[in-house]
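Beneath this line is the structure, given in structure tokens, with notes to follow.
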Amino acid sequence: MTPASVAPARVGPLADLGIVVTRPARRAALFAQKLEAMGARAIVVPAIVILPPESRDALDAAHANLARYDGVFFVSGSAVEYGAPAPGAWPGGVPAYAPGRATAAELIDAGIADARYPKGSQDSEGLLALPELAAVGGKRFLVLRGDGGRELLAATLRERGATVDVVGCYRRIAPQGLAEGLVALVARGAVQALTVTSSEAVGNLWAMLDEPTRARLRAIPTFAPHPRIAEAARALGLDAIVTAPGDMGIVAALLRHFAHAGAPRKETS
């Protein structure tokens, strides 16, 4: 019989690796399940809290006028979660744009069938490179994003002659307090990798940690799905590895790294 104080060994290509997941709680749970299925010990430490907007007036007005737009941009999965209209309310003939495959899949799940996304760079730059968005003079677009999001998409479309309405459909706030559970796990050597999916999350996480924990995290690999996010991590001294976009891009990078490194597995309890 396994003693109660000893956790059973896990099996899989990421067996017993402690991997920190920093995305918002609901989305963290979905990614954690993927990691756990491969034997990892997912350590969920949400570094961003997603909330609905303080007022829905602008979003409700945008929903009432969706048919007037030549396209609607959902800049993230959270934009779909908080900004998509009620099922059946999407007007026919209005395309929806997403920065990548995962967000496009969420649009389809939300009942928005005409979901378009770039096949190359999965970000605002990739969207702006779509041939259909090269000449948009006289067109009208809606951008649904979090408060304080990047200006590149809307600004560039306006430069190309389009009218662009920007509506904040969710808010991002930083968690409060010290991530005590993570601090304890890092001190015990039970963390082998850190995953970050936004530049803001990197900064928020750093603010939640004490300096000894930061120093230890600098010695383990950090996996980021975009060069911009990796650069934010490197600015803090983290050993950032750029992966492909999406959950599977991060998972593939984890598999490659630890297959090559042959890293020892650590028990977390």
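The set of residues in the range 104-154 that are closer than 18 Å to Pro245 by Cβ, surrounded by 16 or more Cβ atoms within 10 Å (Cβ to Cβ) and aliphatic (A, V, I, L, M) comprises Ala104, Ala105, Leu107, Ala115, Leu127, Leu128, Leu153. Scanning the range 245-265 for residues that are modelled with pLDDT under 85 and within 17 Å of Ser76 (Cβ to Cβ) yields Pro245, Gly246.
Counting only residues that are touching a Phe, Trp or Tyr at 6+ places or on another chain (Cβ under 8 Å), crowded, with 21+ Cβ neighbours inside 10 Å and outside any loop (DSSP other than H, G, I, E, B), the range 74-103 holds 9 of them. Which one is surrounded by the fewest Cβ atoms within 10 Å (Cβ to Cβ), of the residues in the range 155-199 that are β-branched (Val, Ile, Thr), free of Cβ contacts under 8 Å to residues at least 40 places away in the same chain and farther than 30 Å from Val136 by Cα? This residue is Val183. Could you say whether any residue in the range 60-73 is surrounded by fewer than 18 Cβ atoms within 10 Å (Cβ to Cβ), at pLDDT below 95 and not charged (D, E, K, R)? No.
Of the residues Ala67, Ala62, the single one that is small (Gly, Ala, Ser), outside any loop (DSSP other than H, G, I, E, B) and more than 15 Å from Val164 (Cβ to Cβ) is Ala67. When you scan the range 37-53, do you find a residue that is among the charged types (D, E, K, R) and surrounded by fewer than 19 Cβ atoms within 10 Å (Cβ to Cβ), even just one? No. For the range 22-36, residues that are out of contact with any helix residue (DSSP H, G or I) (no Cβ under 6 Å at 6 or more places or on another chain), within 20 Å of Arg10 (Cβ to Cβ) and crowded, with 18+ Cβ neighbours inside 10 Å total 3.
Those strands (runs of 3 or more DSSP E) of the range 127-227 in which 3 or more residues are under 30 Å from Pro85 (Cβ atoms) occupy 140-146, 163-173.
Can you name the residue in the range 3-46 that is closer than 20 Å to Arg188 by Cβ, of a type outside the set (A, V, I, L, M) and over 21 Å from the mean Cα position of the chain (by Cα) and is also modelled with the highest pLDDT among such residues?
Gly39
One residue alone among Gly237, Gly249 is assigned by TED's automatic domain parsing to the domain that holds Ile43, part of a loop (DSSP other than H, G, I, E, B) and not hydrophobic (A, V, I, L, M, F, W, C), and that residue is Gly237.
The values are calculated or read from the model by the stated rules, or taken from the named source; none is laboratory data. Keep in mind that what you see is a predicted model, and the values were worked out from it rather than measured. In this analysis, Cβ positions are derived from the backbone assuming ideal geometry, glycine residues included, and neighbour counts consider all displayed protein chains.
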